[in-house]
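The values are calculated or read from the model by the stated rules, or taken from the named source; none is laboratory data. Predicted, not measured: the structure shown is a model, and the values here were computed from it. Every residue, glycine among them, receives a Cβ derived from its backbone with ideal geometry; neighbour counts consider all protein chains shown.
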């Protein structure tokens, strides 16, 4: 597919300079599309369009902005299959996952934002004040949105939709590894009748378009999801212009499994870890098991991992697909080798391609037991289907090991003891804690602490990230 154009000011336009970039299908290592990587000139054109559209869009009544977003949802419902196919081809999600959780994330978050939008108070009295001071909430301005390849529509929706609802105009730079779904999303936005300049899309890499958006004087805010390394670079690039920066970064989630956990706890943790081929920042990648249950848990985990099928994304069925590219595959292989060298016990998976696959970036679902705190595979985010397991003796030890990480995105607790569950939930240093497999409620934010970034994406929190508060005195005089 020829996808060389960008969406700027309500139209598909040619890049200022043609700089072709192949999009590789990770299932077969073949080129599935050609895009262009944008330049500073393309980023500047998109920002200029967004800046020109901002005054009118910010002044548009909230009900009309909401109606535009509702029409974007209508476009998705009509073309969901296309969206699933785009993500399956570009980043390797099997079709069942692509149509379900991957594409479904767009509808889930969008509907939650529409519900949350009705709770926003654009002008409200100052609580506890003298009654003569009002607080106004106003859109921050032009925003740059930089999204990753691993959950493309999840992250695009968590940024574009609240920005638009808040009254901001935006420039989206999707990952050059998985741009096709975002370009289809741009068609949804266009066909929904979104005014020109409100939403713009420029493909590019981090060093080019990403850096330009981060440092652009007319961009008031950058919202980024990706690696912690890239988050640091974006923060530095944004510093001179003092723009707001919100970051949703990596993770090394701890899953604390106590001996009194339900019988499905270990299997649930392994399958969660392996979902999306382990390419999720909130994956429960470190399983800490209470010692009386440890040997049994290791046996269960190995059996579950060995039962997980690996196959091309185009195949029907319940399996995992490839990781996104050769660089990522080689990085994961390096971590597996490091785990063996540092003395962890390999109980499932391991190096090389799964049996029967000789083309594509496939990784064997891998489990290491007897991992010790401080090992490379225990400390660093692998971003592949690799689970580490280690025993603990006391609750205090489990908390100490779980918190001894630069990251703090999502942790997990499995125990039948209600008091212990609640106690641990407050002691674990993370933006999210999920207990006994219960999902977070609709409209809950997604975000972490420490090196996981401090964004709060989703629901009311997600919309308010794109708003600025203004205090106004003398309102009633």
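A few comments on the model shown:
- Number of positions in region 19-65 that are touching a strand residue (DSSP E or B) at 6+ places or on another chain (Cβ under 9 Å) and over 30 Å from residue 122 (Cβ atoms): 19
- One residue stands out among those in region 254-265 that are touching a strand residue (DSSP E or B) at 6+ places or on another chain (Cβ under 8 Å) and farther than 16 Å from residue 386 by Cβ: the one that is surrounded by the most Cβ atoms within 10 Å (Cβ to Cβ), which is 256.
- Yes/no for residue 257 being out of contact with any helix residue (DSSP H, G or I) (no Cβ under 7 Å at 6 or more places or on another chain), at pLDDT 95 or above and at negative phi: no
- Checklist (1) assigned to a helix (DSSP H, G or I); (2) free of Cβ contacts under 8 Å to residues at least 60 places away in the same chain; (3) in the same structural domain as residue 381 (by TED's automatic domain parsing) applied to residue 276, failing item: (2)
- Enumeration of residues in region 1-45 that are in a strand (DSSP E or B), closer than 22 Å to residue 216 by Cα and free of Cβ contacts under 8 Å to residues at least 40 places away in the same chain: 13
- Those helices (runs of 4 or more DSSP H) lying entirely in region 60-173 with at least 1 residues closer than 26 Å to residue 38 by Cβ, outside the structural domain of residue 385 (by TED's automatic domain parsing) and more than 22 Å from the chain's Cα centre (by Cα): 62-78
- In the set (1) surrounded by fewer than 23 Cβ atoms within 10 Å (Cβ to Cβ); (2) in contact with a strand residue (DSSP E or B) (Cβ under 8 Å, 6 or more places away or on another chain), the condition left unmet by residue 332 is number (1).
- Against the list (1) in contact (Cβ under 8 Å) with a residue 40 or more places away in the chain; (2) assigned to a loop (DSSP other than H, G, I, E, B); (3) more than 27 Å from residue 360 (Cβ to Cβ); (4) in contact with a strand residue (DSSP E or B) (Cβ under 6 Å, 6 or more places away or on another chain), the condition residue 284 fails is (3).
- Residue that is surrounded by the fewest Cβ atoms within 10 Å (Cβ to Cβ) [pool: residues in region 341-370 that are on the phi < 0 side of the Ramachandran plot and touching a residue at least 60 places away in the same chain (Cβ under 8 Å)]: 359
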